[in-house]
Amino acid sequence: MTDQEFAYRAVLDPEMSHQVSSLIAYQELNDNPLRAVIWNLRREAWTYSPEPAARFLYDDRYFDETKEVDRPTAERLAREVLHTELPSEQTLQAMCDEGQRMGWTYGPPET
């Protein structure tokens, strides 16, 4: 577990006038893999998903499809646009810990 704060990025849908379609909460830790929780629109749930998050964060093809936001803005976007609540940083930490422990890269398996 780490006590480093999360950073937040809004994912914008280029086909819908760049409306927010998801949010990513992530941690970039020295010498450790990316830890990221993303709003999964299809599942309508927050999931530990560092692989898809990495595409939005590091692939230049998606540069115009994300924007950095602060925690209060991420909370507001989650409520007003995604109709959900952004998990607390403590909950995000727990989700990342579990996801890493389980070896997930694209969210938990669907049952």
- Query: If you check 47, 105, 66, 84, which single one turns out to be touching a Lys or Arg at 6+ places or on another chain (Cβ under 7 Å) and among the polar types (S, T, N, Q)?
  - Reply: 66
- Item | Candidate set from region 59-100 (those that are farther than 16 Å from residue 25 by Cβ and modelled with pLDDT under 95); member that is surrounded by the fewest Cβ atoms within 10 Å (Cβ to Cβ) | 60
- Tally time: how many residues in region 63-111 are without any contact (Cβ under 8 Å) to a residue 60 or more places away in the chain, not hydroxyl-bearing (Ser, Thr, Tyr) and not in a helix (DSSP H, G or I)? 6
- From the residues in region 40-58 that are among the aromatic types (Phe, Trp, Tyr) and within 12 Å of the chain's Cα centre (by Cα), which one is surrounded by the most Cβ atoms within 10 Å (Cβ to Cβ)? 48
- Task: Considering only region 25-40, state which residues are more than 12 Å from residue 9 (Cα to Cα), free of Cβ contacts under 8 Å to residues at least 40 places away in the same chain and touching a helix residue (DSSP H, G or I) at 6+ places or on another chain (Cβ under 8 Å).
- Result: 34
- Message: Please count how many residues of region 1-46 are within 17 Å of residue 98 (Cα to Cα), among the polar types (S, T, N, Q) and at pLDDT 95 or above.
- Response: 1
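The values are calculated or read from the model by the stated rules, or taken from the named source; none is laboratory data. No experiment lies behind these values; they were computed from the predicted model shown. Quick reminder, even Gly has a Cβ in these numbers, built from the backbone with ideal geometry, and neighbours come from all protein chains shown.
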